[in-house]
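Worksheet: the structure to be examined is printed underneath.
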Amino acid sequence: MVVGQMGKWLPVFSTPLWVLSMGLVIGALAILLVYGALAALSFVPGLGNLPDSPKRGVTLSLIAGAIFSAILCVLYVPQGGEDKELLVLPMIVIGVGLGFGLIYGLWHRTRDEWFSILGEGVVPYLLGTLLVFATLGLVLTPFVEEPSEILNSISSVNLVGDGTRVEVATIAPASSDEPEFLPAGITYNFRNVAELRIESDKKVFLSDSDDPAAFSRAPITINPGSSEAITYRYEDREQPPIPGDPSKLHIYNQEIDPAQVTFTFKNLPQIPQASSIVFTAIIFFLTMTGLMAMRQAAPRVWALALSTAKNEMAQPLYLLLLAIGIFGILLFGIFPFNTLGDDIRLLKDSGVTLIMVLGMLLAVWSAGTSVSDEIEGRTALTVLSKPVSRRSFILGKYSGIMLSVSVLFVILAAVLLVVLSYKPIYDARETSKQTPEWQEGHEEIMTTLPVLGLYFMETMAIGGIAVALATRLPLLANFITCFAIYVIGNLTSPLVVSAKQNPELVGFVGKLIAVVVPNLNSFNVQSAVDAGNAVPLIYLAGAFNYLFVFVVAVWMVAMLLFEDRDLA
């Protein structure tokens, strides 16, 4: 009996994890193939020595990045609709990262140091966590529902556009009084057709053969005009208006002039969840590219970042926060919230909020211990006596803190995703409901990942403030200030709205606070989580734009505060 129950819920639990695991595997293979090819090209005279001069390497990387950015902007910015300008900066950042990845991936030193790159600092922790997660998913492969169908759907994922494709068939009029069904002469793969619209400028008939005696059903009539168009949606489970084999599609033009029959296909993967595999692989590839490029292009900043991250991760507080996070997420997974069916939403809200709070505590604490204490203890003077500028010192410290926070986020996020995959099954068993489909757990996971990304951005914003303040304030004062900024920052939008309905002085104060204090509401999507709505990617792009500008501004303030700080 127990085996039978496990046979019901194991596929539901396994499949969402397997999908993400396959994304990580494909991303790792992409890293191996791309940088293996670049390593081979580095033996070509001249190519492998391009970044030997740091100035030349950065210049060529920026040129390559500009080319990649232009290509990405042309491909993806128009897809943003009314808010397409929000995609410009993210595409530029990704393009520049790819440019540095290309030039420094060709470097002969990178070819020789790949094992060092993968084995130093925080990289083993990140890769180890992802390896455990991927191994768990792959071990569960025997229980996955339709793994071959999911993998076959990968080739149909639309990397550019929404999958819309237009085919026009020109059909000559009949040469005699008898109906003459002519081949349409178009190509399509009906397995991937999610939507179809057929319209014509003449009255035509669609059939699945040129011989009326071989018709499997009566021909379909299409009258001229857009209002007479035929529409089909796969999710409606209706009979398709055209045959699955394009060679069988024939059209009879009843009128005396040639007919233009327009077929508008919207192609999507047969299993839409296969898109998650592709996007997971892309994110993994870009992350590893960014880490490699930072190490090779900015070695001094990377060395400071690694030293800072290793020191913070060795602290007892780090292990304590990690233990609290894992225990809390597991507890939320089995804790009865008594919400009449909405327990999983509270699990998501509580889980991501706990991860963010722990990440912020670590960021502020690390800023105090690695910046304030080093300045007060004269350790910073020793570091700066070497060929390390104050600019590199601040940037290296901030990068190291965020690297340690990212490891915390990745580990706790992996635990949360495993719990989310099982939560629909747990709730169904507790309420004696039917075992849910695996797509439900997959949807909960995929709607949680953007929220985690936004909360990591918010942690980066608070971390930047903490590092800037740590150049002047001790740890306790830094904690209090960051806490006040966090509270006020999450009230910025309500303050601006309420200021419009209050006296002029109150309105001025509200707007002043909104200018001075960061608007952390940009990263807060709790209402969307509570409502069960997915966070659109365009919103992530807008939040990234705000974070990028804010972090640059905070870094400039930090440099002003640190530039004339007496370290002796």
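Among all positions in region 298-308, there is at least one residue which is of a type in the set (Lys, Arg), more than 28 Å from the chain's Cα centre (by Cα) and at pLDDT below 90. Scanning region 540-561 for residues that are over 21 Å from Gly396 (Cβ atoms), open to solvent by 60 Å² or more (accessible area, probe 1.4 Å) and in contact (Cβ under 8 Å) with a residue 24 or more places away in the chain yields a total of 1.
Per-residue answers, yes or no, for (1) in contact with a strand residue (DSSP E or B) (Cβ under 7 Å, 6 or more places away or on another chain); (2) small (Gly, Ala, Ser):
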| residue | (1), (2) |
| --- | --- |
| Thr262 | yes, no |
| Pro272 | no, no |
| Ala298 | no, yes |
| Lys310 | no, no |
| Leu317 | no, no |
| Ala323 | no, yes |
| Phe332 | no, no |
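Keeping to region 298-334, report how many residues are under 30 Å from Leu106 (Cα atoms), open to solvent by 30 Å² or more (accessible area, probe 1.4 Å), assigned to a helix (DSSP H, G or I) and of a type in the set (Gly, Ala, Ser). Of the residues in region 298-334, 2 are under 30 Å from Leu106 (Cα atoms), open to solvent by 30 Å² or more (accessible area, probe 1.4 Å), assigned to a helix (DSSP H, G or I) and of a type in the set (Gly, Ala, Ser).
Scanning region 218-238 for residues being closer than 15 Å to Val193 by Cβ, among the polar types (S, T, N, Q) and either open to solvent by less than 40 Å² (accessible area, probe 1.4 Å) or free of Cβ contacts under 8 Å to residues at least 12 places away in the same chain (or both) gives a total of 0. Only one of the numbered conditions (1) open to solvent by less than 40 Å² (accessible area, probe 1.4 Å); (2) within 19 Å of Ala413 (Cα to Cα); (3) hydroxyl-bearing (Ser, Thr, Tyr) is violated by Thr289, and that is (2).
Of all residues in region 340-355, those satisfying the criterion of being under 21 Å from Val407 (Cα atoms) and either surrounded by fewer than 23 Cβ atoms within 10 Å (Cβ to Cβ) or small (Gly, Ala, Ser) (or both) are Asp349, Ser350, Gly351, Thr353, Leu354. For region 26-50, a tally of residues being under 29 Å from Ser421 (Cα atoms) and surrounded by fewer than 17 Cβ atoms within 10 Å (Cβ to Cβ) returns 2. A single member of Val415, Val410, Val487 is within 23 Å of Tyr539 (Cα to Cα) and modelled with pLDDT of 90 or more, and it is Val410. When Ser116 is tested against (1) among the hydroxyl-bearing types (Ser, Thr, Tyr); (2) open to solvent by less than 40 Å² (accessible area, probe 1.4 Å); (3) out of contact with any Pro (no Cβ under 9 Å at 6 or more places or on another chain), just one condition goes unmet, and that condition is (2). Kindly indicate the residue of region 187-217 that is among the aliphatic types (A, V, I, L, M) and open to solvent by 30 Å² or more (accessible area, probe 1.4 Å) and also nearest to Ile271 (Cα to Cα) among those meeting that condition. Only one residue tops the list, namely Ala214.
The single condition from (1) surrounded by fewer than 17 Cβ atoms within 10 Å (Cβ to Cβ); (2) over 30 Å from Ile150 (Cβ atoms); (3) not aromatic (Phe, Trp, Tyr) that Ala184 fails is (1).
For Phe265, the requirement of being out of contact with any helix residue (DSSP H, G or I) (no Cβ under 6 Å at 6 or more places or on another chain) and of a type outside the set (A, V, I, L, M) is met.
Exactly one residue out of Ile425, Ile401 is at pLDDT below 95, more than 26 Å from Glu374 (Cβ to Cβ) and open to solvent by less than 10 Å² (accessible area, probe 1.4 Å), and it is Ile425.
Does Leu159 count as surrounded by fewer than 18 Cβ atoms within 10 Å (Cβ to Cβ), touching a residue at least 40 places away in the same chain (Cβ under 8 Å) and within 21 Å of the chain's Cα centre (by Cα)? For Leu159, the condition - surrounded by fewer than 18 Cβ atoms within 10 Å (Cβ to Cβ), touching a residue at least 40 places away in the same chain (Cβ under 8 Å) and within 21 Å of the chain's Cα centre (by Cα) - is met.
On the stretch given as region 123-142, residues that are under 30 Å from Leu408 (Cα atoms) and open to solvent by 40 Å² or more (accessible area, probe 1.4 Å) total 11. Among the residues of region 64-93, those that are open to solvent by 60 Å² or more (accessible area, probe 1.4 Å) and touching a residue at least 60 places away in the same chain (Cβ under 8 Å) comprise Leu75, Tyr76, Gln79, Asp83. The residues of region 205-222 that are under 18 Å from Thr170 (Cβ atoms) and modelled with pLDDT under 90 amount to a single one, Asp210.
Taking the listed residues Leu32, Leu47, the one that is over 27 Å from the mean Cα position of the chain (by Cα) and on the phi < 0 side of the Ramachandran plot is Leu47, with no other qualifying.
For region 261-293, residues that are touching an Asp or Glu at 6+ places or on another chain (Cβ under 7 Å) and over 26 Å from Ser216 (Cβ atoms) total 1. Here Lys433 passes the criteria (1) in a helix (DSSP H, G or I); (2) over 16 Å from Val525 (Cβ atoms) except the one numbered (1). Does Ala39 satisfy being part of a helix (DSSP H, G or I) and modelled with pLDDT of 95 or more? No: the conditions fail for Ala39. Could you go through region 242-264 and let me know if any residue there is aromatic (Phe, Trp, Tyr), in a strand (DSSP E or B), open to solvent by less than 80 Å² (accessible area, probe 1.4 Å) and out of contact with any Cys (no Cβ under 8 Å at 6 or more places or on another chain). Yes: region 242-264 contains one or more residues that are aromatic (Phe, Trp, Tyr), in a strand (DSSP E or B), open to solvent by less than 80 Å² (accessible area, probe 1.4 Å) and out of contact with any Cys (no Cβ under 8 Å at 6 or more places or on another chain). Leu196 - would you say it is in a strand (DSSP E or B), at pLDDT 85 or above and in contact with a helix residue (DSSP H, G or I) (Cβ under 9 Å, 6 or more places away or on another chain)? Here the answer is yes, as Leu196 does meet what is asked. One residue is enough: does region 267-278 have a residue meeting the conditions of a type in the set (A, V, I, L, M, F, W, C), open to solvent by 40 Å² or more (accessible area, probe 1.4 Å) and assigned to a helix (DSSP H, G or I)? No, the conditions are met nowhere in region 267-278. Check region 51-63 and report whether any residue there is within 18 Å of the chain's Cα centre (by Cα), farther than 30 Å from Leu131 by Cα, open to solvent by 30 Å² or more (accessible area, probe 1.4 Å) and touching a residue at least 60 places away in the same chain (Cβ under 8 Å). No, there is no match, as no residue in region 51-63 is within 18 Å of the chain's Cα centre (by Cα), farther than 30 Å from Leu131 by Cα, open to solvent by 30 Å² or more (accessible area, probe 1.4 Å) and touching a residue at least 60 places away in the same chain (Cβ under 8 Å).
The values are calculated or read from the model by the stated rules, or taken from the named source; none is laboratory data. Since the structure is predicted, the reported quantities are computational estimates derived from the model, not experimental observations. Here Cβ is always computed from backbone atoms with ideal geometry, including for glycine, and neighbour counts include all displayed protein chains. Heavy atoms of the whole protein, side chains included, go into the accessibility calculation; ligands, DNA and RNA do not. Shrake-Rupley method; radii C 1.70, N 1.55, O 1.52, S 1.80 Å.
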